[in-house]
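The values are calculated or read from the model by the stated rules, or taken from the named source; none is laboratory data. If you're wondering where the values come from, they're calculated on a predicted model, not measured in any experiment. Cβ: placed from backbone, ideal geometry, glycine included. Neighbour counts: every protein chain shown.
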Amino acid sequence: MKFILAKKEGMTRIFAEDGRAHAGTILTANPMTVTQVKTVTGKDGYASIQVGTGIRKTKNIGKAVLGHTKGKGYTDIREFRTNDTAEVGNTIDASVFSVGDMVHVSGLTKGKGFAGVVKRHGFHGGPRTHGQKHSEHEPGSIGGAGGRAGGRVAKGIRMAGRMGSDRVTIENLKVLAVDVVAGKIIVSGAVPGARGTLLEVVSVPANRHAA
């Protein structure tokens, strides 16, 4: 399984050989270092590869993490479930991917704070006619009193609340371009998060590609 941590830079477009334009997202994939390899037969009981990326001052890192990473200061440490073999200290960079690879991209969406039902759930809101005003973003009845819930608000009813900052995975994106020297990867379509969001890019097994 191929995988890498990359930061979202922004969107662009790529022209294919047939002249068609494809929307894509530029990702900056700095080299990662393998910090730990877990096996099914080991004390953890599952197989994975843990990697670290980025540079951080060691004075700002706890002693437990410093001991685990052999004194290295990484800004981010992530773990990928895989049965592949690796050695601690190995480096993984953008060269693991090739044009045409299919990938899943996971990350946190933009945080939008407290949002009303119109923005959060796409409600139409209330009318401005028949004696009503200032009701464009009102949710309307929530089914309380003698309604379906018997005098209480039913669980799961869509209401105003915190929006965004959710982990989202966009599946089956195609790698459109790879620049190993610059550490850039361009994938088709849009991916979660704002500029600078750290994303997990994982290859899709050949037998699981979208039809």
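Numbers at a glance
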quantity	calculated
Qualifying residue in the stretch 74-81 (condition: on the phi < 0 side of the Ramachandran plot and in contact with a helix residue (DSSP H, G or I) (Cβ under 8 Å, 6 or more places away or on another chain))	yes
Selection count, the stretch 1-53, where residues are among the basic types (Lys, Arg) and under 30 Å from Gly67 (Cβ atoms)	4
Selected residue (only one of Lys43, Lys59 is assigned to a helix (DSSP H, G or I), of a type in the set (Lys, Arg) and surrounded by fewer than 16 Cβ atoms within 10 Å (Cβ to Cβ))	Lys59
Residue tally, condition part of a strand (DSSP E or B) and exposed (fewer than 11 other Cβ atoms within 10 Å of the Cβ), over the stretch 96-148	2
The stretch 116-130 residues that are farther than 15 Å from Gly164 by Cβ, paired with ones that are assigned to a helix (DSSP H, G or I) and of a type outside the set (Ser, Thr, Tyr) (beta carbon under 7 Å, 6 or more apart)	Phe123/Val117; Gly125/Val118
Subset of the stretch 79-95 (residues that are assigned to a strand (DSSP E or B) and surrounded by 12 or more Cβ atoms within 10 Å (Cβ to Cβ))	Glu79, Phe80, Arg81, Ile92
The lone exception for Thr69 - which of (1) among the β-branched types (Val, Ile, Thr); (2) more than 24 Å from Ile185 (Cβ to Cβ); (3) loosely packed, with under 13 Cβ neighbours inside 10 Å it fails	(3)
Every residue from the stretch 156-181 that is free of Cβ contacts under 8 Å to residues at least 40 places away in the same chain and closer than 19 Å to Ile26 by Cβ	Val181
Matching option when the condition is small (Gly, Ala, Ser), modelled with pLDDT of 95 or more and more than 30 Å from Tyr46 (Cα to Cα), among Gly113, Gly150	Gly113
Hits in the stretch 62-91 - residues which are modelled with pLDDT under 90 and touching a Gly at 6+ places or on another chain (Cβ under 7 Å)	Thr69, Lys72
